[in-house]
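What follows is a short report on a single structure.
The values are calculated or read from the model by the stated rules, or taken from the named source; none is laboratory data. In this text, all values refer to a predicted model and were calculated from it rather than measured experimentally. So basically every Cβ, Gly included, is an ideal-geometry build from the backbone, and we count neighbours across all protein chains shown.
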Amino acid sequence: MAPWRKSDRARLTIARRPRRTEAFRATELHRVLRPAINPWAKANGFGPAKASLGWTRRRGDQCLTFWVQCGQAGWDRYAGGRFVVEFQIAQVPVPGASFWRERLVALLPVDSLDQFRTIQNRVISTLPWPDEGYLNSIFGSRAELRAAYLGQFAPIPSPRWSVNDSWFRYYDGGDAEQWATYLATVLPDAVSEFERRPPSLMGFRPKPREA
């Protein structure tokens with residue numbers, strides 16, 4: 001991630017939303033995402049997986065599973081929260097049971113990636129800006145940690161950005177609804193692309209040996 005500059009703050013203070021007085025919890029996020037994904041999932045043979053928000057279906061003698069996982073850091077009063085969507089093929093429908101995995105963003109075509117970046121930057125650019133009192137109370141004089149935290153308020157650059165930055169950012173229910181609509185649109189092609197690709201080690205595929 002590019003280093004944060006003070007000039008970036010002025011550029012990104014457009015229509016920032018007020019700070020929430022209560023956290024937007026993972027359970028609330030799930031309540032928005034689940035009804036957007038369920039209809040397509042059920043219509044295509046997916047049932048509930050052993051995850052708080054996941055789906056699975058048989059694939060021969062294996063299971064194709066995908067799930068939503070929230071970031072371990074939880075929800076921050078200024079930076080909000082984040083989640084990732086991950087796919088897996090394994091013997092059992094348990095998230096993390098296999099290294100044959102891939103994250104959703106790595107499976108998307110260019111146009112869907114552009115939509116992802118647009119929504120992501122819309123969320124980031126409207127996050128409430130942390131006040132100095134909060135920053136000082138958390139980081140004090142630790143400049144590197146402070147800069148890393150403020151880096152969460154920097155948008156994804158265009159056209160170059162890393163597909164490894166595959167976390168979906170959110171702050172409130174409005175963001176969750178945007179992502180719900182987006183996921184319902186891109187999941188069908190993402191599942192097909194994941195099944196089409198050869199097995200991988202958490203997205204890594206070694207190059208074939210030369211003859």
Taking the stretch 88-105 and keeping residues crowded, with 17+ Cβ neighbours inside 10 Å, out of contact with any helix residue (DSSP H, G or I) (no Cβ under 7 Å at 6 or more places or on another chain) and either in a helix (DSSP H, G or I) or in contact (Cβ under 8 Å) with a residue 24 or more places away in the chain (or both) leaves 88, 89, 90, 93, 94, 95, 100, 101, 103
Being at pLDDT 80 or above and either over 15 Å from residue 87 (Cα atoms) or crowded, with 18+ Cβ neighbours inside 10 Å (or both) is the filter here; which residues of the stretch 185-211 pass it? 185, 186, 187, 190, 191, 194
Would you check which residues across the stretch 41-64 are part of a strand (DSSP E or B) and among the aliphatic types (A, V, I, L, M) and list them? 64
For the subset of the stretch 6-39 comprising residues that are part of a loop (DSSP other than H, G, I, E, B) and among the aliphatic types (A, V, I, L, M), which member is modelled with the highest pLDDT? 23
Out of curiosity, is residue 55 at negative phi and at pLDDT 95 or above? yes
Check whether at least one residue in the stretch 47-68 is within 30 Å of residue 146 (Cα to Cα) and in contact with a Phe, Trp or Tyr (Cβ under 7 Å, 6 or more places away or on another chain), and report yes or no. yes
